[in-house]
Amino acid sequence: MSSDVTSNPLVSDAALEVRGLRLGYGATEIVKGVDIAARRGAVTTIIGPNGSGKSTLIRGLAGLLRPLGGSIWLEGRDLTALPAVRRVAEGVGYVPQEANIFRNLGVAENLRLATEFVPGRQSSARERDEILALFPDLAVRGALAAGRLSGGQRQMLAMACALLARPSILLLDEPSAGLSPRLVAETMQTVREVCDRGVSILMIEQNVAAALPVSDQVVVLVAGRVRLQSAADRLLVDHNLHRLYLGEAA
Amino acid sequence: MIAQLVLNGLVTGMVVALGAVALTLTYSILKFPNFAVGGMITLGAYIAWLVNVPLGLPLPGAAVLAAIGLAAVMLAADRFVFRPLRDRGAITLLVAAMGLSLILENICRLAFGNVARNFDVDPERPWRVSGLRIHPEQVTTAVVTVAAMAGLWLVLRHTRLGRAMRAVADNPDLAAVRGIDRDRVTRRTWVLAAALVALSGVLIGMDRAIDPLMGWAYIIPVFAAAILGGLGSPGGAVLGALLIGVAQELSVLVIEPNYRQVVGFVAIALVLLARPRGLLGVEEIRR
(Lines give C-alpha, C1' and ligand atoms only; values in the text may rest on other atoms or scores of the structure.)
Protein backbone atom coordinates (compact mmCIF):
# COMPACT_ATOMS: atom_id res chain seq x y z
CA MET A 1 0.00 0.00 0.00
CA SER A 2 1.29 3.49 -0.80
CA SER A 3 2.38 5.65 2.11
CA ASP A 4 0.31 8.64 1.00
CA VAL A 5 -2.96 6.74 1.14
CA THR A 6 -4.80 7.78 4.27
CA SER A 7 -6.74 5.25 6.31
CA ASN A 8 -10.10 5.55 7.92
CA PRO A 9 -12.16 2.93 9.71
CA LEU A 10 -15.11 1.83 7.62
CA VAL A 11 -18.53 2.68 8.89
CA SER A 12 -19.92 -0.58 7.52
CA ASP A 13 -18.79 -3.88 6.05
CA ALA A 14 -18.21 -2.14 2.73
CA ALA A 15 -15.27 -3.10 0.53
CA LEU A 16 -15.72 0.08 -1.48
CA GLU A 17 -17.39 3.13 -0.05
CA VAL A 18 -18.24 6.26 -2.01
CA ARG A 19 -19.20 9.40 -0.13
CA GLY A 20 -20.76 12.42 -1.84
CA LEU A 21 -18.90 11.68 -5.06
CA ARG A 22 -19.27 14.22 -7.84
CA LEU A 23 -17.89 13.58 -11.31
CA GLY A 24 -18.15 15.23 -14.69
CA TYR A 25 -16.47 16.50 -17.81
CA GLY A 26 -15.34 20.12 -17.74
CA ALA A 27 -18.07 22.21 -16.14
CA THR A 28 -20.75 19.55 -16.75
CA GLU A 29 -21.52 17.57 -13.63
CA ILE A 30 -22.80 14.06 -14.45
CA VAL A 31 -22.61 12.29 -11.09
CA LYS A 32 -24.08 14.61 -8.51
CA GLY A 33 -22.99 13.55 -5.08
CA VAL A 34 -23.60 9.81 -4.73
CA ASP A 35 -23.16 7.65 -1.64
CA ILE A 36 -22.65 3.95 -2.34
CA ALA A 37 -21.38 1.14 -0.14
CA ALA A 38 -20.39 -2.01 -2.06
CA ARG A 39 -20.40 -4.85 0.48
CA ARG A 40 -17.35 -7.05 0.93
CA GLY A 41 -17.73 -10.42 -0.83
CA ALA A 42 -20.89 -9.38 -2.65
CA VAL A 43 -21.99 -8.45 -6.16
CA THR A 44 -23.29 -4.88 -6.18
CA THR A 45 -25.00 -3.91 -9.42
CA ILE A 46 -25.66 -0.35 -10.48
CA ILE A 47 -28.57 0.01 -12.86
CA GLY A 48 -30.30 3.00 -14.36
CA PRO A 49 -31.48 4.48 -17.64
CA ASN A 50 -29.14 5.71 -20.38
CA GLY A 51 -27.49 8.97 -19.39
CA SER A 52 -27.89 8.35 -15.67
CA GLY A 53 -24.12 8.58 -15.14
CA LYS A 54 -23.31 4.88 -14.66
CA SER A 55 -20.29 4.80 -16.97
CA THR A 56 -19.01 8.13 -15.67
CA LEU A 57 -19.30 6.76 -12.14
CA ILE A 58 -17.34 3.58 -12.87
CA ARG A 59 -14.66 5.49 -14.79
CA GLY A 60 -14.34 7.78 -11.79
CA LEU A 61 -14.03 4.80 -9.44
CA ALA A 62 -11.30 3.36 -11.67
CA GLY A 63 -9.44 6.67 -11.45
CA LEU A 64 -9.84 7.70 -15.08
CA LEU A 65 -11.75 10.84 -14.08
CA ARG A 66 -10.66 13.26 -11.40
CA PRO A 67 -13.48 13.74 -8.85
CA LEU A 68 -15.06 17.18 -8.56
CA GLY A 69 -15.90 16.40 -4.96
CA GLY A 70 -16.54 13.66 -2.43
CA SER A 71 -14.35 10.68 -1.57
CA ILE A 72 -13.68 7.05 -2.51
CA TRP A 73 -12.60 4.52 0.12
CA LEU A 74 -11.37 0.97 -0.47
CA GLU A 75 -11.03 -1.28 2.57
CA GLY A 76 -10.73 1.88 4.68
CA ARG A 77 -8.09 3.56 2.52
CA ASP A 78 -8.79 6.89 0.83
CA LEU A 79 -8.19 6.53 -2.93
CA THR A 80 -9.81 9.81 -3.97
CA ALA A 81 -6.64 11.58 -5.08
CA LEU A 82 -4.98 8.56 -6.68
CA PRO A 83 -4.86 8.33 -10.49
CA ALA A 84 -5.85 5.09 -12.24
CA VAL A 85 -2.25 4.00 -12.64
CA ARG A 86 -1.90 3.80 -8.83
CA ARG A 87 -5.36 2.53 -7.91
CA VAL A 88 -4.67 -0.88 -9.43
CA ALA A 89 -1.83 -1.42 -6.94
CA GLU A 90 -4.28 -0.53 -4.16
CA GLY A 91 -6.61 -3.31 -5.28
CA VAL A 92 -8.97 -1.76 -7.82
CA GLY A 93 -9.57 -4.00 -10.83
CA TYR A 94 -11.44 -2.50 -13.78
CA VAL A 95 -12.92 -4.08 -16.88
CA PRO A 96 -14.14 -1.39 -19.31
CA GLN A 97 -17.20 -2.04 -21.46
CA GLU A 98 -15.41 -1.68 -24.79
CA ALA A 99 -11.72 -1.57 -25.60
CA ASN A 100 -11.11 -3.81 -22.61
CA ILE A 101 -8.10 -5.61 -24.09
CA PHE A 102 -4.98 -4.58 -25.97
CA ARG A 103 -6.19 -5.74 -29.36
CA ASN A 104 -2.84 -5.42 -31.17
CA LEU A 105 -1.07 -7.52 -28.55
CA GLY A 106 -1.27 -11.29 -28.22
CA VAL A 107 -3.49 -13.03 -25.67
CA ALA A 108 -0.42 -14.16 -23.72
CA GLU A 109 0.98 -10.62 -23.77
CA ASN A 110 -2.33 -9.26 -22.46
CA LEU A 111 -2.22 -11.74 -19.60
CA ARG A 112 1.42 -10.87 -18.88
CA LEU A 113 0.65 -7.14 -18.82
CA ALA A 114 -2.10 -7.77 -16.29
CA THR A 115 0.43 -7.88 -13.47
CA GLU A 116 3.78 -6.85 -14.95
CA PHE A 117 3.40 -3.23 -13.85
CA VAL A 118 1.47 -3.77 -10.63
CA PRO A 119 3.95 -4.03 -7.78
CA GLY A 120 3.02 -6.41 -5.00
CA ARG A 121 -0.12 -7.84 -6.59
CA GLN A 122 1.29 -10.66 -8.70
CA SER A 123 -0.67 -13.88 -8.43
CA SER A 124 1.08 -17.03 -7.30
CA ALA A 125 1.34 -19.85 -9.86
CA ARG A 126 -1.53 -21.66 -8.12
CA GLU A 127 -3.75 -18.54 -8.09
CA ARG A 128 -2.93 -17.94 -11.73
CA ASP A 129 -3.89 -21.50 -12.67
CA GLU A 130 -7.13 -21.18 -10.72
CA ILE A 131 -8.04 -17.92 -12.43
CA LEU A 132 -7.20 -19.17 -15.90
CA ALA A 133 -9.21 -22.34 -15.19
CA LEU A 134 -12.26 -20.09 -15.14
CA PHE A 135 -11.53 -19.13 -18.74
CA PRO A 136 -10.38 -22.33 -20.50
CA ASP A 137 -10.79 -20.81 -23.98
CA LEU A 138 -7.85 -18.48 -23.38
CA ALA A 139 -5.27 -21.18 -22.77
CA VAL A 140 -5.16 -22.33 -26.39
CA ARG A 141 -5.05 -18.83 -27.89
CA GLY A 142 -1.88 -17.40 -26.37
CA ALA A 143 -0.20 -16.33 -29.60
CA LEU A 144 -3.33 -14.98 -31.26
CA ALA A 145 -3.74 -11.19 -31.49
CA ALA A 146 -6.37 -10.36 -28.87
CA GLY A 147 -8.23 -8.21 -31.38
CA ARG A 148 -9.12 -11.38 -33.30
CA LEU A 149 -11.00 -12.93 -30.37
CA SER A 150 -14.79 -13.04 -30.38
CA GLY A 151 -16.73 -10.60 -28.20
CA GLY A 152 -17.25 -13.21 -25.48
CA GLN A 153 -13.62 -14.29 -25.50
CA ARG A 154 -12.50 -10.67 -25.22
CA GLN A 155 -14.73 -10.22 -22.20
CA MET A 156 -13.25 -13.35 -20.62
CA LEU A 157 -9.71 -12.18 -21.37
CA ALA A 158 -10.45 -8.76 -19.88
CA MET A 159 -11.85 -10.33 -16.71
CA ALA A 160 -8.94 -12.74 -16.42
CA CYS A 161 -6.47 -9.86 -16.74
CA ALA A 162 -8.24 -7.85 -14.04
CA LEU A 163 -8.38 -10.88 -11.71
CA LEU A 164 -4.70 -11.77 -12.12
CA ALA A 165 -3.80 -8.57 -10.24
CA ARG A 166 -5.75 -9.96 -7.23
CA PRO A 167 -8.14 -7.00 -6.86
CA SER A 168 -9.98 -6.24 -3.63
CA ILE A 169 -12.83 -4.91 -5.75
CA LEU A 170 -13.56 -5.69 -9.37
CA LEU A 171 -15.34 -2.95 -11.35
CA LEU A 172 -17.24 -4.28 -14.37
CA ASP A 173 -18.71 -1.90 -16.94
CA GLU A 174 -21.64 -3.68 -18.64
CA PRO A 175 -20.05 -7.11 -19.03
CA SER A 176 -23.06 -8.33 -21.05
CA ALA A 177 -22.87 -5.58 -23.68
CA GLY A 178 -22.85 -6.94 -27.21
CA LEU A 179 -22.98 -10.61 -26.17
CA SER A 180 -25.47 -13.26 -27.30
CA PRO A 181 -28.03 -14.42 -24.69
CA ARG A 182 -26.06 -17.66 -24.12
CA LEU A 183 -22.82 -15.73 -23.53
CA VAL A 184 -24.62 -13.25 -21.27
CA ALA A 185 -25.75 -16.13 -19.06
CA GLU A 186 -22.23 -17.61 -19.02
CA THR A 187 -20.69 -14.22 -18.23
CA MET A 188 -23.08 -13.63 -15.33
CA GLN A 189 -22.34 -17.12 -14.04
CA THR A 190 -18.64 -16.30 -14.14
CA VAL A 191 -19.28 -13.04 -12.27
CA ARG A 192 -21.01 -15.02 -9.53
CA GLU A 193 -18.21 -17.61 -9.39
CA VAL A 194 -15.56 -14.90 -9.12
CA CYS A 195 -17.46 -13.27 -6.29
CA ASP A 196 -17.92 -16.61 -4.51
CA ARG A 197 -14.13 -16.96 -4.56
CA GLY A 198 -13.92 -13.83 -2.42
CA VAL A 199 -13.64 -10.93 -4.86
CA SER A 200 -16.08 -8.09 -4.19
CA ILE A 201 -17.70 -6.89 -7.39
CA LEU A 202 -19.25 -3.59 -8.40
CA MET A 203 -20.97 -3.97 -11.75
CA ILE A 204 -22.80 -1.62 -14.06
CA GLU A 205 -25.41 -3.35 -16.16
CA GLN A 206 -28.21 -2.45 -18.55
CA ASN A 207 -29.41 -6.04 -18.78
CA VAL A 208 -31.25 -6.00 -15.49
CA ALA A 209 -32.95 -9.36 -16.02
CA ALA A 210 -29.60 -11.09 -16.41
CA ALA A 211 -27.79 -9.18 -13.68
CA LEU A 212 -30.29 -9.25 -10.82
CA PRO A 213 -30.22 -13.03 -10.19
CA VAL A 214 -26.44 -12.98 -9.60
CA SER A 215 -26.47 -9.72 -7.62
CA ASP A 216 -26.61 -9.31 -3.85
CA GLN A 217 -27.21 -5.61 -3.80
CA VAL A 218 -28.67 -3.16 -6.31
CA VAL A 219 -28.16 0.57 -6.67
CA VAL A 220 -30.52 2.52 -8.93
CA LEU A 221 -28.90 5.60 -10.41
CA VAL A 222 -31.10 8.23 -12.06
CA ALA A 223 -29.82 11.57 -13.42
CA GLY A 224 -26.57 11.25 -11.51
CA ARG A 225 -28.19 10.57 -8.14
CA VAL A 226 -28.83 7.37 -6.19
CA ARG A 227 -32.59 6.75 -6.16
CA LEU A 228 -32.51 3.40 -4.39
CA GLN A 229 -30.02 1.11 -2.70
CA SER A 230 -31.55 -2.25 -1.90
CA ALA A 231 -30.94 -5.97 -1.52
CA ALA A 232 -31.29 -7.57 -4.98
CA ASP A 233 -33.75 -10.25 -3.82
CA ARG A 234 -36.01 -7.55 -2.40
CA LEU A 235 -36.11 -5.81 -5.74
CA LEU A 236 -36.84 -9.11 -7.45
CA VAL A 237 -39.85 -9.97 -5.27
CA ASP A 238 -41.28 -6.52 -4.48
CA HIS A 239 -43.53 -5.84 -7.43
CA ASN A 240 -44.00 -2.16 -6.58
CA LEU A 241 -40.28 -1.49 -6.38
CA HIS A 242 -39.75 -3.47 -9.55
CA ARG A 243 -42.32 -1.47 -11.44
CA LEU A 244 -41.20 1.86 -10.02
CA TYR A 245 -37.51 1.52 -10.76
CA LEU A 246 -37.18 -1.07 -13.48
CA GLY A 247 -40.44 -0.90 -15.40
CA GLU A 248 -42.74 -3.80 -16.13
CA ALA A 249 -40.60 -5.22 -18.89
CA ALA A 250 -37.44 -5.47 -16.83
CA MET B 1 21.15 3.62 -64.53
CA ILE B 2 17.83 2.51 -63.07
CA ALA B 3 19.58 -0.02 -60.83
CA GLN B 4 21.89 2.73 -59.57
CA LEU B 5 18.93 4.99 -58.88
CA VAL B 6 17.15 2.19 -57.00
CA LEU B 7 20.26 1.55 -54.92
CA ASN B 8 20.64 5.24 -54.11
CA GLY B 9 16.93 5.40 -53.33
CA LEU B 10 17.11 2.50 -50.91
CA VAL B 11 19.97 4.19 -49.04
CA THR B 12 18.10 7.50 -48.97
CA GLY B 13 15.07 5.57 -47.76
CA MET B 14 17.09 4.08 -44.91
CA VAL B 15 18.07 7.53 -43.67
CA VAL B 16 14.47 8.67 -43.97
CA ALA B 17 13.34 5.47 -42.18
CA LEU B 18 15.14 6.46 -38.96
CA GLY B 19 13.25 9.75 -38.79
CA ALA B 20 9.97 8.18 -39.92
CA VAL B 21 10.13 5.45 -37.26
CA ALA B 22 10.91 8.10 -34.63
CA LEU B 23 7.92 10.11 -35.84
CA THR B 24 5.62 7.11 -35.74
CA LEU B 25 6.81 6.09 -32.26
CA THR B 26 6.03 9.48 -30.76
CA TYR B 27 2.75 9.62 -32.66
CA SER B 28 1.72 6.23 -31.25
CA ILE B 29 2.29 7.29 -27.67
CA LEU B 30 1.51 11.01 -27.73
CA LYS B 31 -1.08 11.08 -30.54
CA PHE B 32 0.30 14.11 -32.32
CA PRO B 33 2.60 14.47 -35.34
CA ASN B 34 5.93 15.71 -34.07
CA PHE B 35 6.86 18.42 -36.52
CA ALA B 36 10.01 19.11 -34.51
CA VAL B 37 11.65 16.14 -36.22
CA GLY B 38 13.31 18.56 -38.70
CA GLY B 39 14.90 20.65 -35.95
CA MET B 40 15.88 17.46 -34.14
CA ILE B 41 17.73 16.15 -37.22
CA THR B 42 19.62 19.45 -37.47
CA LEU B 43 20.50 19.59 -33.76
CA GLY B 44 21.57 15.93 -33.73
CA ALA B 45 23.93 16.54 -36.64
CA TYR B 46 25.41 19.66 -35.03
CA ILE B 47 26.00 17.95 -31.68
CA ALA B 48 27.83 15.15 -33.50
CA TRP B 49 29.83 17.72 -35.50
CA LEU B 50 30.74 19.56 -32.28
CA VAL B 51 32.05 16.37 -30.70
CA ASN B 52 33.68 15.11 -33.92
CA VAL B 53 35.43 18.23 -35.25
CA PRO B 54 36.25 20.74 -32.48
CA LEU B 55 36.60 18.04 -29.81
CA GLY B 56 38.23 15.47 -32.11
CA LEU B 57 36.27 12.34 -31.12
CA PRO B 58 35.75 9.71 -33.86
CA LEU B 59 32.38 9.84 -35.60
CA PRO B 60 30.87 6.67 -34.01
CA GLY B 61 31.51 8.09 -30.54
CA ALA B 62 30.20 11.48 -31.69
CA ALA B 63 27.02 9.80 -32.93
CA VAL B 64 26.46 8.16 -29.53
CA LEU B 65 26.98 11.48 -27.73
CA ALA B 66 24.65 13.18 -30.23
CA ALA B 67 21.97 10.61 -29.40
CA ILE B 68 22.45 11.22 -25.66
CA GLY B 69 22.51 15.01 -26.10
CA LEU B 70 19.40 15.09 -28.28
CA ALA B 71 17.59 12.75 -25.87
CA ALA B 72 18.35 15.18 -23.02
CA VAL B 73 17.03 18.11 -25.09
CA MET B 74 13.82 16.23 -25.98
CA LEU B 75 13.26 15.20 -22.35
CA ALA B 76 13.49 18.87 -21.42
CA ALA B 77 11.16 19.76 -24.31
CA ASP B 78 8.67 17.14 -23.11
CA ARG B 79 8.79 18.48 -19.56
CA PHE B 80 8.52 22.18 -20.40
CA VAL B 81 6.70 22.27 -23.77
CA PHE B 82 4.67 19.16 -24.54
CA ARG B 83 3.61 17.97 -21.08
CA PRO B 84 1.92 21.26 -20.05
CA LEU B 85 0.01 21.18 -23.37
CA ARG B 86 -0.88 17.46 -23.36
CA ASP B 87 -4.57 17.98 -22.66
CA ARG B 88 -4.97 20.73 -25.28
CA GLY B 89 -5.30 18.44 -28.30
CA ALA B 90 -3.19 17.37 -31.25
CA ILE B 91 -3.33 20.68 -33.14
CA THR B 92 -1.90 22.62 -30.19
CA LEU B 93 0.88 20.06 -29.80
CA LEU B 94 1.58 20.15 -33.55
CA VAL B 95 1.96 23.94 -33.48
CA ALA B 96 4.16 23.70 -30.38
CA ALA B 97 6.33 21.16 -32.19
CA MET B 98 6.68 23.49 -35.19
CA GLY B 99 7.75 26.27 -32.83
CA LEU B 100 10.22 23.96 -31.12
CA SER B 101 11.67 23.00 -34.50
CA LEU B 102 12.29 26.68 -35.31
CA ILE B 103 13.89 27.20 -31.90
CA LEU B 104 16.24 24.21 -32.30
CA GLU B 105 17.19 25.28 -35.82
CA ASN B 106 17.91 28.85 -34.73
CA ILE B 107 19.93 27.74 -31.73
CA CYS B 108 22.15 25.90 -34.24
CA ARG B 109 22.29 28.97 -36.47
CA LEU B 110 23.20 31.22 -33.52
CA ALA B 111 25.86 28.85 -32.22
CA PHE B 112 27.46 27.70 -35.46
CA GLY B 113 26.45 30.25 -38.10
CA ASN B 114 25.10 29.61 -41.58
CA VAL B 115 28.35 28.20 -42.94
CA ALA B 116 28.06 24.60 -44.08
CA ARG B 117 30.08 22.14 -41.96
CA ASN B 118 31.42 18.66 -42.60
CA PHE B 119 32.39 15.76 -40.38
CA ASP B 120 36.05 14.92 -40.03
CA VAL B 121 36.04 11.71 -42.07
CA ASP B 122 38.43 10.69 -44.82
CA PRO B 123 36.73 10.60 -48.20
CA GLU B 124 36.92 7.17 -49.78
CA ARG B 125 36.48 6.13 -53.36
CA PRO B 126 33.29 4.33 -54.30
CA TRP B 127 33.45 0.62 -55.05
CA ARG B 128 32.27 -0.76 -58.36
CA VAL B 129 30.12 -3.85 -58.04
CA SER B 130 28.34 -5.24 -61.12
CA GLY B 131 28.36 -1.83 -62.70
CA LEU B 132 26.99 -0.09 -59.61
CA ARG B 133 28.86 2.64 -57.75
CA ILE B 134 28.62 1.93 -54.05
CA HIS B 135 29.98 4.58 -51.69
CA PRO B 136 31.39 3.42 -48.33
CA GLU B 137 29.03 5.91 -46.61
CA GLN B 138 26.12 4.09 -48.22
CA VAL B 139 27.28 0.82 -46.70
CA THR B 140 27.70 2.55 -43.34
CA THR B 141 24.19 3.97 -43.67
CA ALA B 142 22.73 0.54 -44.48
CA VAL B 143 24.55 -1.21 -41.62
CA VAL B 144 23.70 1.47 -39.03
CA THR B 145 20.05 1.64 -40.09
CA VAL B 146 19.53 -2.14 -40.15
CA ALA B 147 21.23 -2.46 -36.75
CA ALA B 148 19.11 0.36 -35.30
CA MET B 149 15.89 -1.15 -36.66
CA ALA B 150 16.80 -4.62 -35.37
CA GLY B 151 17.57 -3.14 -31.96
CA LEU B 152 14.29 -1.26 -31.92
CA TRP B 153 12.38 -4.39 -32.95
CA LEU B 154 13.96 -6.29 -30.06
CA VAL B 155 13.04 -3.50 -27.64
CA LEU B 156 9.44 -3.32 -28.86
CA ARG B 157 8.83 -7.08 -29.01
CA HIS B 158 10.89 -8.54 -26.20
CA THR B 159 11.30 -6.02 -23.40
CA ARG B 160 9.11 -4.70 -20.62
CA LEU B 161 9.46 -1.18 -22.05
CA GLY B 162 8.39 -2.39 -25.49
CA ARG B 163 5.28 -4.08 -24.12
CA ALA B 164 4.44 -0.94 -22.15
CA MET B 165 4.92 1.24 -25.24
CA ARG B 166 2.70 -1.00 -27.38
CA ALA B 167 0.08 -1.12 -24.64
CA VAL B 168 -0.04 2.68 -24.30
CA ALA B 169 -0.14 3.04 -28.09
CA ASP B 170 -3.00 0.53 -28.27
CA ASN B 171 -5.20 1.79 -25.45
CA PRO B 172 -3.89 4.50 -23.08
CA ASP B 173 -6.77 4.25 -20.58
CA LEU B 174 -6.50 0.48 -20.30
CA ALA B 175 -2.74 0.81 -19.93
CA ALA B 176 -3.33 3.16 -16.99
CA VAL B 177 -5.64 0.70 -15.22
CA ARG B 178 -2.99 -2.00 -15.77
CA GLY B 179 -0.54 0.16 -13.80
CA ILE B 180 1.50 1.40 -16.75
CA ASP B 181 2.76 4.92 -16.09
CA ARG B 182 2.17 6.83 -19.33
CA ASP B 183 4.50 9.69 -18.38
CA ARG B 184 7.37 7.28 -17.81
CA VAL B 185 6.66 5.49 -21.10
CA THR B 186 6.48 8.88 -22.84
CA ARG B 187 9.89 9.92 -21.54
CA ARG B 188 11.48 6.67 -22.69
CA THR B 189 9.82 7.00 -26.07
CA TRP B 190 11.38 10.45 -26.46
CA VAL B 191 14.78 8.96 -25.63
CA LEU B 192 14.39 6.23 -28.28
CA ALA B 193 13.03 8.67 -30.86
CA ALA B 194 15.80 11.19 -30.19
CA ALA B 195 18.46 8.49 -30.56
CA LEU B 196 17.03 7.43 -33.93
CA VAL B 197 16.74 11.01 -35.17
CA ALA B 198 20.27 11.86 -34.01
CA LEU B 199 21.57 8.86 -35.98
CA SER B 200 19.59 10.06 -38.95
CA GLY B 201 21.16 13.53 -38.60
CA VAL B 202 24.66 12.03 -38.52
CA LEU B 203 24.01 9.87 -41.59
CA ILE B 204 22.58 12.86 -43.48
CA GLY B 205 25.62 14.90 -42.39
CA MET B 206 27.90 12.21 -43.86
CA ASP B 207 26.04 12.40 -47.16
CA ARG B 208 25.79 16.17 -47.47
CA ALA B 209 26.91 19.31 -45.64
CA ILE B 210 25.58 20.20 -42.21
CA ASP B 211 23.69 23.47 -42.17
CA PRO B 212 20.82 24.93 -40.13
CA LEU B 213 18.24 24.11 -42.83
CA MET B 214 19.25 20.47 -43.37
CA GLY B 215 16.31 19.14 -41.30
CA TRP B 216 13.70 20.93 -43.41
CA ALA B 217 14.78 19.01 -46.48
CA TYR B 218 13.82 15.78 -44.74
CA ILE B 219 10.52 16.75 -43.09
CA ILE B 220 8.35 15.98 -46.12
CA PRO B 221 9.99 12.60 -46.92
CA VAL B 222 9.84 11.63 -43.22
CA PHE B 223 6.15 12.53 -42.92
CA ALA B 224 5.37 10.95 -46.30
CA ALA B 225 7.08 7.71 -45.24
CA ALA B 226 5.28 7.55 -41.89
CA ILE B 227 1.89 8.31 -43.48
CA LEU B 228 2.45 5.93 -46.40
CA GLY B 229 3.43 3.11 -44.05
CA GLY B 230 0.59 3.89 -41.65
CA LEU B 231 1.10 6.29 -38.74
CA GLY B 232 1.78 4.24 -35.64
CA SER B 233 3.35 1.30 -37.47
CA PRO B 234 7.18 1.17 -37.20
CA GLY B 235 7.37 -1.57 -39.83
CA GLY B 236 5.14 0.49 -42.10
CA ALA B 237 7.37 3.54 -41.61
CA VAL B 238 10.41 1.56 -42.79
CA LEU B 239 8.52 0.24 -45.82
CA GLY B 240 7.15 3.70 -46.59
CA ALA B 241 10.62 5.26 -46.30
CA LEU B 242 12.17 2.77 -48.70
CA LEU B 243 9.36 3.33 -51.21
CA ILE B 244 9.63 7.11 -50.91
CA GLY B 245 13.43 6.98 -51.24
CA VAL B 246 13.29 4.87 -54.39
CA ALA B 247 10.42 6.91 -55.86
CA GLN B 248 12.34 10.15 -55.24
CA GLU B 249 15.43 8.84 -56.99
CA LEU B 250 13.47 7.39 -59.92
CA SER B 251 11.55 10.62 -60.31
CA VAL B 252 14.67 12.28 -61.77
CA LEU B 253 14.01 10.25 -64.90
CA VAL B 254 10.97 12.40 -65.60
CA ILE B 255 11.38 15.62 -63.57
CA GLU B 256 14.19 17.98 -62.60
CA PRO B 257 16.19 16.67 -59.60
CA ASN B 258 15.39 19.88 -57.70
CA TYR B 259 11.73 18.92 -57.74
CA ARG B 260 12.23 15.50 -56.16
CA GLN B 261 10.51 16.69 -52.99
CA VAL B 262 7.23 16.73 -54.86
CA VAL B 263 7.24 12.92 -54.67
CA GLY B 264 6.66 13.12 -50.92
CA PHE B 265 3.74 15.54 -51.34
CA VAL B 266 2.18 13.35 -54.02
CA ALA B 267 2.59 10.25 -51.85
CA ILE B 268 0.91 11.98 -48.89
CA ALA B 269 -1.98 13.18 -51.06
CA LEU B 270 -2.52 9.79 -52.69
CA VAL B 271 -2.41 7.86 -49.43
CA LEU B 272 -4.77 10.24 -47.68
CA LEU B 273 -7.21 9.99 -50.58
CA ALA B 274 -7.00 6.25 -51.28
CA ARG B 275 -5.96 4.53 -48.04
CA PRO B 276 -5.82 6.90 -45.06
CA ARG B 277 -4.54 4.23 -42.70
CA GLY B 278 -1.49 3.64 -44.92
CA LEU B 279 0.02 0.36 -46.09
CA LEU B 280 0.45 -1.36 -42.71
CA GLY B 281 -1.53 0.91 -40.41
CA VAL B 282 -4.31 -0.41 -38.23
CA GLU B 283 -7.75 1.04 -38.81
CA GLU B 284 -8.52 3.38 -35.98
CA ILE B 285 -11.63 2.59 -33.99
CA ARG B 286 -13.51 5.72 -33.05
CA ARG B 287 -15.14 5.45 -29.64
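The values are calculated or read from the model by the stated rules, or taken from the named source; none is laboratory data. Note that the structure is predicted; figures quoted are calculated from it, not measured. Positions of Cβ are backbone-derived with ideal geometry, glycine not excepted, and every protein chain shown enters the neighbour counts. The protein model used for the area step is the full one, side chains on, heavy atoms only, and it has no ligands, DNA or RNA in it. Shrake-Rupley method; radii C 1.70, N 1.55, O 1.52, S 1.80 Å.
Any residue in the range A:144-155 that is charged (D, E, K, R) and open to solvent by 50 Å² or more (accessible area, probe 1.4 Å)? Yes, the range A:144-155 contains at least one residue that is charged (D, E, K, R) and open to solvent by 50 Å² or more (accessible area, probe 1.4 Å). Could you list, in sequence order, all residues of the range B:239-265 that are out of contact with any Ser or Thr (no Cβ under 9 Å at 6 or more places or on another chain) and β-branched (Val, Ile, Thr)? Selection gives B:Val252, B:Val254, B:Ile255.
As an exercise: evaluate A:Gln122 against (1) in contact with a helix residue (DSSP H, G or I) (Cβ under 6 Å, 6 or more places away or on another chain); (2) at the interface with another protein chain (Cβ under 8 Å from one of its Cβ atoms) and give the number of the one condition it does not meet. Only one criterion is unmet by A:Gln122, namely (2). Looking across the range B:125-146 at every residue that is charged (D, E, K, R) and surrounded by fewer than 11 Cβ atoms within 10 Å (Cβ to Cβ), the one that is nearest to B:Ala72 (Cα to Cα) is identified as B:Arg125. State whether one or more residues within the range B:162-170 are part of a helix (DSSP H, G or I), open to solvent by 30 Å² or more (accessible area, probe 1.4 Å) and more than 10 Å from chain A (Cβ to nearest Cβ). Checking the range B:162-170: not a single residue is part of a helix (DSSP H, G or I), open to solvent by 30 Å² or more (accessible area, probe 1.4 Å) and more than 10 Å from chain A (Cβ to nearest Cβ).
If you check B:Arg208 against the conditions, is it out of contact with any helix residue (DSSP H, G or I) (no Cβ under 7 Å at 6 or more places or on another chain), closer than 29 Å to B:Met165 by Cβ and at pLDDT below 90?
Values: out of contact with any helix residue (DSSP H, G or I) (no Cβ under 7 Å at 6 or more places or on another chain): yes; closer than 29 Å to B:Met165 by Cβ: no; at pLDDT below 90: yes.
So B:Arg208 fails the test.
Candidates are the residues of the range B:171-204 that are within 30 Å of B:Thr12 (Cβ to Cβ) and open to solvent by 50 Å² or more (accessible area, probe 1.4 Å); the one that is farthest from the other protein chains (Cβ to nearest Cβ) is B:Val191. Once the range B:233-274 is narrowed to residues that are more than 16 Å from B:Thr12 (Cβ to Cβ) and touching a Leu at 6+ places or on another chain (Cβ under 9 Å), the residue that is surrounded by the fewest Cβ atoms within 10 Å (Cβ to Cβ) is B:Leu270.
A quick yes/no check of all residues on (1) acidic (Asp, Glu); (2) more than 16 Å from the chain's Cα centre (by Cα); (3) surrounded by 24 or more Cβ atoms within 10 Å (Cβ to Cβ):
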| site | (1), (2), (3) |
| --- | --- |
| B:Ile2 | no, yes, no |
| B:Gly13 | no, no, yes |
| B:Thr24 | no, no, yes |
| B:Tyr27 | no, no, no |
| B:Ala36 | no, no, yes |
| B:Leu43 | no, no, yes |
| B:Pro54 | no, yes, no |
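What about A:Val219, is it touching a residue at least 12 places away in the same chain (Cβ under 8 Å), open to solvent by less than 10 Å² (accessible area, probe 1.4 Å), β-branched (Val, Ile, Thr) and not in a helix (DSSP H, G or I)? Considered against the rule, which asks whether it is touching a residue at least 12 places away in the same chain (Cβ under 8 Å), open to solvent by less than 10 Å² (accessible area, probe 1.4 Å), β-branched (Val, Ile, Thr) and not in a helix (DSSP H, G or I), A:Val219 comes out as yes. Just to be sure, is B:Leu102 open to solvent by 50 Å² or more (accessible area, probe 1.4 Å) and in a helix (DSSP H, G or I)? Yes, satisfied.
Could you list, ordered by first residue, the pairs with Cβ atoms under 7 Å in which the first is in the range A:104-117 and closer than 10 Å to B:Arg160 by Cα and the second is open to solvent by 30 Å² or more (accessible area, probe 1.4 Å), at least 6 apart or interchain? That search, which allows pairs on different chains as well, returns A:Glu116/B:Arg160.
Answer with yes or no whether A:Val107 is within 24 Å of B:Asp170 (Cβ to Cβ), touching a Gly at 6+ places or on another chain (Cβ under 8 Å) and surrounded by 22 or more Cβ atoms within 10 Å (Cβ to Cβ). Criteria met by A:Val107. Considering (1) without any contact (Cβ under 8 Å) to a residue 12 or more places away in the chain; (2) open to solvent by less than 40 Å² (accessible area, probe 1.4 Å), the lone condition that B:Tyr218 does not fulfil carries the number (1). For the range A:82-104, the count of residues that are in contact with a Cys (Cβ under 7 Å, 6 or more places away or on another chain) and either open to solvent by less than 40 Å² (accessible area, probe 1.4 Å) or at the interface with chain B (Cβ under 10 Å from one of its Cβ atoms) (or both) is zero.
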